[in-house]
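**Q** Below is one structure. I have some questions about it.
The values are calculated or read from the model by the stated rules, or taken from the named source; none is laboratory data. Everything numeric in this text was worked out from a predicted model, so none of it was measured. Because the Cβ atoms are built from the backbone with ideal geometry, glycine has one as well, and the counts that use them run over all protein chains shown.
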Amino acid sequence: MAKFIPGIVVRLFLATATLALVLIDPVQMLSVQGGGVRAQAADGTEKAAFEAAKELGTVEAWDAFLSNYPTGFHADLARAYVKKLASEPAPAASAPAAPAPSAYPTAAGSWGGVVRNGPGQNYRKVDSLQEGDPVTLIERTDVMDNGFPWFRITYAGGGSGYQWGGILCSIGAERPDLFQTCTTAAQREEKRASAPQKCRENGGEWGGDQCWPKGHFDKQAKVNKTGLSCKELKARCSQTDRDDDCKRYLDSCTGHGDN
């Protein structure tokens with residue numbers, strides 16, 4: 001009988017193993033399998049988000065990725081990209097766009113200032129223009145100064161030379177390479193006519209076609225050999241032109257208002 005015991009033991013072991021397999025909960029098996037599928041799906045979504053942020057290549061895109069996936073391998077890479085973007089220098093500001101060559105010659109105006117024989121402050125002065133003088137832009141040079149280019153111009157009387165775009169104005173539509181649009185003659189005249197009143201309203205003193213700080217003429221008043229102030233001398237000279245003092249000292253009062 002002892003010969004049959006091993007066979008019985010084997011059969012019992014096989015039967016027990018089969019029963020154990022049958023009794024395993026099918027729901028638990030599916031749960032284990034589903035967890036692996038979900039992990040794979042999550043990894044795929046994270047990778048897709050990482051690639052999208054990388055394609056945009058902006059700090060905002062990486063911040064959005066990190067807010068959703070703050071840890072892990074991709075999160076470490078994302079922070080490295082953000083650090084790299086922060087260390088890169090900002091792009092240099094581009095110069096104002098130049099109009100097409102066909103835009104020249106074109107009418108413009110001057111705010112007043114020096115005309116030179118070349119495009120730059122180091123060139124010789126050849127003339128001066130007044131505010132409102134019309135000019136013709138012949139060409140724009142490649143020389144830039146404080147954000148504005150230099151232009152070759154012509155103006156009344158056959159004059160020609162170079163003037164900086166910062167003291168030139170456009171007629172009609174504004175241009176990025178010229179300083180604002182030109183004022184009209186009527187606007188300039190109105191500005192000149194109202195200047196003395198505005199000067200006094202702001203507490204200044206008007207004289208010599210310009211506004212001075214209050215008290216300027218009190219400090220600058222001259223007393224000549226006659227012992228008269230400029231104001232007194234002017235009143236005296238207005239009464240007679242035979243007084244030698246008028247001829248000798250009146251010129252010394254120029255630019256000092258009525259003092």
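**Q** Which of (1) aliphatic (A, V, I, L, M); (2) over 16 Å from Pro105 (Cβ atoms); (3) in a loop (DSSP other than H, G, I, E, B); (4) in contact (Cβ under 8 Å) with a residue 24 or more places away in the chain is the odd one out, the single condition Leu178 does not satisfy?
**A** (2)
Yes/no matrix, rows are residues, columns are (1) out of contact with any Gly (no Cβ under 7 Å at 6 or more places or on another chain); (2) not assigned by TED's automatic domain parsing to the domain that holds Gln130:
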site	(1), (2)
Phe148	no, no
Tyr162	no, no
Gly165	yes, no
Cys182	no, yes
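**Q** Right, next: Please specify each residue of the range 181-208 satisfying the condition of being free of Cβ contacts under 8 Å to residues at least 40 places away in the same chain, assigned to a loop (DSSP other than H, G, I, E, B) and either of a type in the set (A, V, I, L, M, F, W, C) or under 18 Å from Asp133 (Cβ atoms) (or both).
**A** Thr184
**Q** Is it the case that Asp133 is surrounded by 15 or more Cβ atoms within 10 Å (Cβ to Cβ) and either at pLDDT 95 or above or outside the structural domain of Pro105 (by TED's automatic domain parsing) (or both)?
**A** Judged against the criteria, Asp133 is not a match.
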